[in-house]
Amino acid sequence: MKPANSPVIRQKGFVIHPEFLDRAEQESLVEELRGILRVAPLVQPVTARGKPMSVRMSAAGDFGWISDRRGYRYEKQHPNGAAWPAIPASILKIWYKVDTCQHLPKRDPECCLINWYGEDAKMGLHQDRDEAAFDYPVVSISLGDEALFRMGNVERGGNTESIWLKSGDVVVMGGDARLAHHGVDRLRFGSSTLLPQGGRINLTLRMVT
Ligand code: SIN
Ligand code: FE2
């Protein structure tokens, strides 16, 4: 992990830590995620209208984020009925290392959402606002293929800025950026050798309650 005082990129209030995780750290994270996904397999969520999302999802922690015909929400169980696996210590370390809590009480994140992007997956501009509190940031960890990440505003519309997120990059969405719109336009499929079949994993650490 990069030292806490390493240079960061700031865009529209988003704080990007480039190459925060080295290759060995990325590889061991992927190994831990494989263990989690054996217990809590990736599912392709559908919107309330029944439209399948292009991203596949799972989670670790006290809560996972779910979308199905009943709408979207946080749930304490995987759709298969199993409790979500615990968030690995190595991931909690990243949460604390990017100084997520600052002046707030030290608290572990309650959800580590796991998003898997295949070749044509993307995520439209959205806000993360299904949580009950917005004082803690959302921390995003990118693994695998590069993704074009778009950053907007708290209000709908207005100008946006984009950055290619690479494997090992960590983004902190806090302060004014906590409720800012963001999304993923596309991948550079095959740009990373981390995941043998290609694709991208994005982890987002969230405080839910
Ligand atoms: C998300 O907004 O939940 C995911 C962002 C990303 O994949 O980088
Ligand atoms: Fe999001």
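The values are calculated or read from the model by the stated rules, or taken from the named source; none is laboratory data. Here the structure is a predicted model, which means the values were calculated and not measured. Methodologically, a virtual Cβ is constructed for each residue, glycine included, from the backbone with ideal geometry; neighbour enumeration extends over all protein chains shown. Each accessible area value is taken on the protein alone, full model and side chains, heavy atoms only, with ligands, DNA and RNA left out. Shrake-Rupley method; radii C 1.70, N 1.55, O 1.52, S 1.80 Å.
A few notes on this one:
- Tally, over segment 72-87, of residues that are open to solvent by less than 70 Å² (accessible area, probe 1.4 Å) and either at pLDDT below 95 or in a loop (DSSP other than H, G, I, E, B) (or both): 6
- Leading residue by the ranking (farthest from ligand 2 (Cβ to nearest atom)) among those in segment 148-159 that are touching a residue at least 40 places away in the same chain (Cβ under 8 Å) and out of contact with any Asp or Glu (no Cβ under 8 Å at 6 or more places or on another chain): ASN153
- Among the residues of segment 163-179, the one identified as among the small types (Gly, Ala, Ser) and in contact with an Asp or Glu (Cβ under 7 Å, 6 or more places away or on another chain) is GLY168.
- Qualifying residue in segment 169-180 (condition: under 19 Å from CYS111 (Cβ atoms), within 10 Å of ligand 1 (Cβ to nearest atom) and touching a residue at least 60 places away in the same chain (Cβ under 8 Å)): yes
- Criterion applied to SER28, SER54, SER90 was being in a loop (DSSP other than H, G, I, E, B) and either closer than 15 Å to ILE201 by Cα or in contact (Cβ under 8 Å) with a residue 60 or more places away in the chain (or both), and the one residue passing it is SER54.
Okay, residues lined up against (1) among the aliphatic types (A, V, I, L, M); (2) within 14 Å of ligand 1 (Cβ to nearest atom); (3) closer than 24 Å to GLU110 by Cα; (4) in contact (Cβ under 8 Å) with a residue 24 or more places away in the chain:
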{"residue": "ILE163", "(1), (2), (3), (4)": "yes, yes, no, yes"}
{"residue": "VAL184", "(1), (2), (3), (4)": "yes, yes, yes, yes"}
{"residue": "ARG188", "(1), (2), (3), (4)": "no, yes, no, yes"}
{"residue": "THR193", "(1), (2), (3), (4)": "no, no, no, no"}
{"residue": "THR204", "(1), (2), (3), (4)": "no, yes, yes, yes"}
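- When each of ALA24, ALA60 is tested for being at pLDDT 95 or above and more than 15 Å from the chain's Cα centre (by Cα), the lone residue that passes is ALA24.
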